[in-house]
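Bear in mind that the values in this text are calculations on the coordinates, not laboratory data. If you're wondering where the values come from, they're calculated on a predicted model, not measured in any experiment. Cβ coordinates were reconstructed from backbone atoms using ideal geometry, including for glycine residues, and neighbour counts include every protein chain displayed.
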């Protein structure tokens, strides 16, 4: 039976349990003079039964999801003849994928070694068996749960607190999902990175000047290792981000100042949402714009002035990224600028300061922590931005600080290394996770510091 | 002093006296054509206001105020909350410009110069008419920078030495110097409430204004700090013209030479302070100072 | 007093300079806003001017003879025969019929190139729908090749782009135009077909379906979970380190680069749990984790805006805390939560990078019909097309962007509308 069908079945059983529990409590209450005699409303009794019916079986289903495949795979592999067993882990994956593909019918059986076909058939039968036994088990468990829940119903049974307790725990788990997600990110990138650092030393990765991961798969050639020096990527990322911030910070900040301090109501109601539009445009659109409009434009402009601007220049990618970040900075800056109390402005204006003097000498210094926090968040966003650079920046890792040249970034390399069908455990794919680890750590520090600054700033004026 | 103003002021005074004579007992209700009782005018005036109306969008906040503020006097403005006294004070250095939809009609003049003339620069005006606010609002800078702020923006100091001198003098005048001279470069926000308010006063007098407006300067302070500020106002009145809005009648009685009583946007009575608190002319004034409403 | 007058003259002399710098400062502000707005305008203008052409496609009218012997089948109801039939022969014969003078293998091949190489299959579909046409002749508008389409549109705009055509082909197109046999029609293929290597046959239906399925999956997971988390944090969470830790995590996740979520999806869902690649389920899971912080943060704001007096009233009546939340707080906070959900979904709809990581970047022709069918999504389709070398794909890409942007505009305006409409003032 398909898993989705099992789920539907379980939900149906749960609904049935609700109905039964509610009916039973009503039947108990009626002779005693109505539901006022019950400790909890009938619907709570119903929910209580439904929860008994669902929760154990759902936990079981979850466990099956996690472990069933692993158990089956181990059984299949151990059933293979020793001759077919590959020596190393890469070959192991190859054989296993083959069996898997035969079992699911992607590869035709003809022409495959007999042992593999047998293994595939064994796998198929195991899967069928596991699915059917799961269905039976789940049904039994939920029916038992249903019966148990039914039995517990009495007039005095405190169904409401019991149900609420379960609900509170579920809410708690939902809230903790954020922690699980962070943990998942850390574990997934850390685990693969450690594997990567076994083959490429951490020092070579962080301080190496040469990045050419393509050579790593040709293990027969010289120089197959030691080409994972990430410095050119870090420099490229910083260069593109610097260009972006160079555009976004002044424009974003000045728009925020103008909108918050000068603009009349009409200008604000029009210009603010119009600028926000920039924030709602997907990054892939910016990437397209950068690659097909801005980059050729800049190249032609450059050649008019006798400048050689690469068609994948950091300037084009960074410039468009800057445009993308303008609304981000302007809305954050707008928040912190309007949070500066009016009394500060009054104090300065009453001294005879002009409005711009007030803004430059009082409002901005007062809002500075918040603005710095906002800019740090924007930097973190620029560093982690992917699609614009994938589409408009280069692939080749040049170590340069010239924005007219082509550079590549951390995110570009992650995408290049991981798209397409690669063996998962090759140093190439693992390198992507090591880059991901770097990216995550840098943005994590930026975010936490920035969020802390902004929070402290808000508290100051609350 | 402006000639035209002088004449209108004379005629107004006459009418008010006539009115006063014809109806010695004013009612508690305000009629439309009310006239300020007492002595709103002065021969040695620093600021003159004639027929001042203030509107917020469509709502009128101040009705036809006529008043003179004399040189080097302390004038207190009292009245129940929402009576428009703070609004009126803010029109005197055009701080009401920062409020959207605020409109002023009539004339407000300082030394005969109309404050609402189109070519007048508010920057200059506000340098001449300083202001201290209800809540102490030091800038998030050091004590030194707070006091030096005005001198810096207006370019009043030619050298660091000049600036140091201005800061020290202003802090001394605000009787704050002894308390802060050891920590001039610590943030002004770290001072106590009363010290912050004196810092704001020091900041205001650092540019040597002619008039200082004070908008309930002690309402956020404890009694001891209040006493210090009141003492300070007394001293400052030797050099500056001061208009102070206050919630506390005792304060008005302690610090001011003249007192103006506002009620629902109208200026009811202006008289020497002792008279207002001992023998008010208008029934509304009497009702207010005897605590029948507040 | 001397001091005062000296100050005054200093201030007066500085006024001119200071007013100038004030005016300059305001101009900086105006310029900044102008640049921002100009960027919006240029972006939209660029996309629309590049993409509007894709909503129409070039068709060539030819007399098609549905010759049974040419196709080589004898039964239209036999699916196996339909697959093996030589359908391309039909369209080839038709175009040659229109240009009987063309001879030589090279010229004939060039002539065939006028038509889309899927033209034969379109004729097959037409014939299967109308079996009575077998062995009869009718005039049919046949889809032209993408190079012809590009040339014909640019030629209509008086700016012909003929780099990929031979002189003879240009001549043939001119002839067809003289005969009134070449024309632009609404490009229905764009909305009814899946991806294709041939630009003229490529459509966004598959990507739209993929986006739809992925979004449904995302919404089904992230809305209930996000609302539950928000309720917990606002109404039940004790003030302790753990709660603080949850909050730090949520705020940080909202700012983690999206590609990191892709790495998470690849490592956990695909390599650990063996969820198949490229399917809406795994896309939905990844986007759920990505949009959760947004939904939690907006839902919390919505819950916060419900005044405490309502809570107290409910608790004062003897309601349990859950009854208070379910009966009073939740209904009042729902509009705000829905707004947050729409904004989160808009964010998910435009997201590309994490989906590249989990294999939704594959070339998929079939239109997905379920959560476990291989699929791609609209932004990824845009990425794939933008990467394609064919010139005609630029137009298609821009058109797909226009469709994507229209969806986003609809979602965002409905969020604003919803907030305005259902907002309560306390």
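Laid out as a table, the results:
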read-out	value
Residues A:385, A:459 arranged by fewest to most Cβ contacts within 10 Å	A:459, A:385
Chain C, helix-only ellipticity at 222 nm - DSSP H runs n ≥ 4, -39,500 (n - 2.57), divided by all residues, nearest 500	-20500 deg cm²/dmol
Inter-site label distance for residue C:323 and residue C:186 at 7 Å from Cα along Cβ, in nm	5.7
Chain B: angle of helix B:143-154 to the longest principal axis, Cα-based, in degrees nearest 10	70
Per-pair calculated FRET efficiency, R0 = 41 Å: residue C:312 and residue C:197 via Cβ, rounded to 0.05	0.05
FRET efficiency, residue A:304 to residue A:459 (Cβ-Cβ, R0 56 Å, nearest 0.05)	0.60
Helix-only [θ]222 nm of chain A, DSSP H runs n ≥ 4, -39500 (n - 2.57) each, per residue, nearest 500	-25000 deg cm²/dmol
Sequence ranges C:292-301, C:88-97, A:190-199, ranked by mean other-Cβ count within 10 angstrom, highest first	C:292-301, C:88-97, A:190-199
The range B:142-211-the range B:60-77 distance, computed between alpha-carbon centres (Å)	28
Alpha-carbon centroids, the range C:349-365 and the range B:243-290: separation in whole Å	76
0 to 90° range, to nearest 10: angle between helix B:160-173 axis and chain B longest Cα axis	50
Share of Cα-Cα pairs in the protein assembly as shown lying beyond 47 Å, as whole percent	53
Label-point gap, in nm, between residue A:26 and residue C:30 - each point 7 angstrom along Cα→Cβ	7.2
Global form of the range B:179-256, assessed from the alpha-carbon gyration tensor, a/c cut-off 1.5	oblate
Chain A, relative contact order in percent, only Cα pairs under 8 angstrom and at least six apart counted	16
Mean separation of Cα contacts under 8 Å (6+ apart) over length of the range C:103-172, as relative contact order %	32
Mean separation of Cα contacts under 8 Å (6+ apart) over length of the range A:3-157, as relative contact order %	37
Kirkwood Rh and Cα Rg combined as Rg/Rh, the range C:326-426	1.12
Residues A:182, A:283 arranged by fewest to most Cβ contacts within 10 Å	A:182, A:283
CD proxy at 222 nm, helix term only [per DSSP H run n ≥ 4: -39500 (n - 2.57); per residue of chain B; nearest 500]	-11000 deg cm²/dmol
Using alpha-carbon coordinates, inclination of helix C:88-98 to the longest axis of chain C, degrees	70
Cα-based shape type of chain C, given that a ≥ b ≥ c are square roots of the gyration tensor eigenvalues and the cut on a/c is 1.5	oblate
Modelled FRET efficiency - R0 25 Å, residue B:117 with residue A:266, Cβ distances, 0.05 increments	0.35
Volume per residue of the C-alpha convex hull in chain B, rounded to whole Å³	131
Pair residue B:185, residue C:168: separation of 7 Å Cα→Cβ label points (nm)	8.8
Whole-angstrom gap from the range A:168-194 to the range A:227-272, using each part's C-alpha centre	32
Stretchable slack from residue A:144 to residue A:121, in nm (0.36 nm times residue separation minus alpha-carbon distance)	4.8 nm
Mean Cβ neighbour count within 10 Å, used as a protection proxy, ranking B:271-280, A:364-373 highest first	A:364-373, B:271-280
Average beta carbon contacts from partner chains per residue of B:123-131, 10 Å cutoff	6
Other protein chain Cβ atoms within 10 Å, averaged over every residue that makes up C:100-107	0
Projected-area mean, the range A:227-461, by convex hull of Cα positions, square nanometres	15.2
Shielding of A:66-72 by partner chains, average beta-carbon count, 10 Å	1
Protection proxy ranking, peptides A:127-134, C:327-334, average beta carbon neighbours within 10 Å, highest first	C:327-334, A:127-134
Taking A:245, B:95, A:395, B:131 and counting other C-beta atoms within 10 Å, the order from fewest to most	A:395, A:245, B:95, B:131
Three-way shape label, chain A, alpha-carbon gyration tensor, a/c 1.5	oblate
